[in-house]
Amino acid sequence: MTRADRFAPASCPTLVVKIGSALLVTPDGHVRRDWLAGVVADLAARHAAGQRIIVVSSGAIALGARRLGLPAGGRASLEDAQAAAATGQIALSQCWAELLGSRGLTAAQMLLTLDDLEDRRRYLNASATFGRLLALGVVPVVNENDTVATEEIRFGDNDRLAARVAQAAGAHGVILLSDVDGLYTANPGTDPSARLIEEVLTIDDGIMAMADKGSASGMGSGGMVAKLLAARIAHAGGAHLAIVTGRNDSPMARFAQTGHGTVFPAPARAGARKAWLAGRLTAKGRIFIDTGAAAALAGGASLLAAGATGVEGPFARGDVIDIMAGDHVVARGLVEYDATDVARIAGQRSSELADILGYAPRAALVHRDHMVLL
């Protein structure tokens, strides 16, 4: 199987395709309609071959900023971004509906906030909506709901949104169409010795160090760091991810033919709840653990009170918390105690917990069935 074959209809029944602002919108704020028509033709061919397609489309803020005459591409302030998104989203949705309709496909708009996918019940609701739309042969077109999102409750980039959507929809692959053609060993714009990395099996600190944090176009809000974080989220749900250049006509067909780009093959698919946990961008608090507990978790054990060394954050029982070994997040899970009780029993043996708490203790601070290693 070639790298591109992982994303073909035969091996990838459901595919999420993300399109960045720099590809979709010209510097003066117009849709690149001819280019987009080529992308839609690619998507229609895949749909006809039996692949279910979800589009995550940037561009609303860039389009709205031109119509409203806002400076800095509509990103000078949160209020400007919200106003630009409210204006541009109408034009963006209309464009997608028209072009998909010209190929006999029905578009559906879904606008999501961070909370829609961080809250378990709302996540399941979104998942059900994706499932029904795809079963009906509809192409959902997704964007972050920037009209109401604030700095504290937003994805901030559509790369991670695309990966999170893939989890919610049970997708098998994510393709990020970008203004760059993949991950390089260094910034190819400044280092002539930089080389393209065609496949990444493990997203470790060395890989993260290669990322350029900036958005090359100035219109988008992502960058290579966001794409690598998206790959981690996609992996948590068992979805392959590819970073592919969109700076040519019919970029999806070109990728299928050449495989040019960077592919992040996914490990085995995790259970739905654990995938949701691993893909979350937020946590209510943190529990710090010692080296013995870290080794036990790596071996598949639950987190016991004896291995905890401290807590941070006002979390309650049932909240999602990060488990820290030093400065590193090693796991994430649903905690069985609130923060005050964890602080009281941290470092204590199980036989001592009833006397400290005044009630029968639970089996673990975080049970392995409600935990995912990171």
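Quick note: the coordinates plus some simple rules give every number you see, no bench work behind them. This structure is a prediction, so every number in the text was calculated from the model and none was measured. Positions of Cβ are generated from backbone atoms using ideal geometry, with glycine treated the same way; all protein chains shown enter the neighbour counts.
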Problem - Residue-averaged 222 nm ellipticity for the chain, from DSSP H runs of 4+ at -39500 (n - 2.57), nearest 500 - result: -11000 deg cm²/dmol
Fill in the blank from the handout: residue 100 neighbourhood, Cβ < 14 Å, K/R = +1, D/E = -1, net charge +2
Completion exercise
Counting only residues 5 or more apart in sequence or on a different chain, those whose built amide H sits under 5 Å from that of residue 142 are 55, 56, 57, 110
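Using 0.36 nm times the number of residues separating residue 132 and residue 250, minus their current alpha carbon distance, what extension gain do you get? Show your work: numbers first, answer last.
Working: separation 118, 0.36 × 118 = 42.48 nm, distance 2.84 nm.
Gain in length upon complete extension: 39.6 nm.
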Practice task
Taking amide H positions as placed in the peptide plane 1.01 Å from N, state which residues far from residue 241 in sequence (5 or more) or on other chains have amide H under 5 Å from it.
Solution key: 174, 264, 266
Exercise for the section: Name the most mobile residue of 53, 233, 356, meaning the one with the largest mean-square fluctuation, in a Gaussian network model of the chain with Cα contacts below 10 Å. Expected result: 356
Exercise for the section: Return the single residue from 260, 235, 172 with maximal mean-square fluctuation; model: Gaussian network over the chain, springs between Cα atoms under 10 Å. Expected result: 260
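With both partners inside the chain, how many of the DSSP beta bridges are antiparallel, as a percent to the nearest 5?
Details: 20 of 50 bridges.
So the antiparallel bridges in the chain amount to around 40 percent.
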Handout entry: Amide H within-cut-off set for residue 25, under 5 Å, with H built and near neighbours excluded
Key = 32
Problem - Dipole magnitude (debye, nearest 20) for the range 4-276, charges at Cβ of Lys, Arg, Asp, Glu - result: 780
Handout entry: Gaussian network model of the chain, springs between alpha carbon atoms under 10 Å - residue of 327, 290, 146 with greatest fluctuation
Key = 327
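Considering all projection directions equally, how large on average is the shadow of the alpha-carbon convex hull of the range 283-373, in square nanometres? Show your work: numbers first, answer last.
Working: hull surface 19.7 nm².
Projected area, direction-averaged: 4.9 nm².
Under the classification rounded if a/c is under 1.5, otherwise prolate if a/b is larger than b/c and oblate if not, where does the range 4-276 fall, given a ≥ b ≥ c as square roots of the Cα gyration tensor eigenvalues? Each step should come with its number before you reach the end.
Working: a/c = 1.22, a/b = 1.06, b/c = 1.14.
Verdict is rounded for the range 4-276.
Lysine pairs, Cα distance under 23 Å, 8 or more residues apart or cross-chain: how many in the chain? Spell out each step's value before the answer.
Numbers: 18/213; 18/227; 213/227; 227/274; 274/284.
Summing the qualifying lysine pairs gives 5.
Using 0.36 nm times the number of residues separating residue 360 and residue 330, minus their current alpha carbon distance, what extension gain do you get?
Values: separation 30, 0.36 × 30 = 10.80 nm, distance 2.82 nm.
Contour length minus Cα-Cα distance gives 8.0 nm.
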Handout entry: Table column - 3J(HN,Hα) (Hz), the range 322-336, Karplus curve with 6.51, -1.76, 1.60, x for Gly and Pro
Key = 8, 10, 10, 10, x, 8, 9, 7, 9, 7, 9, x, 9, 7, 9
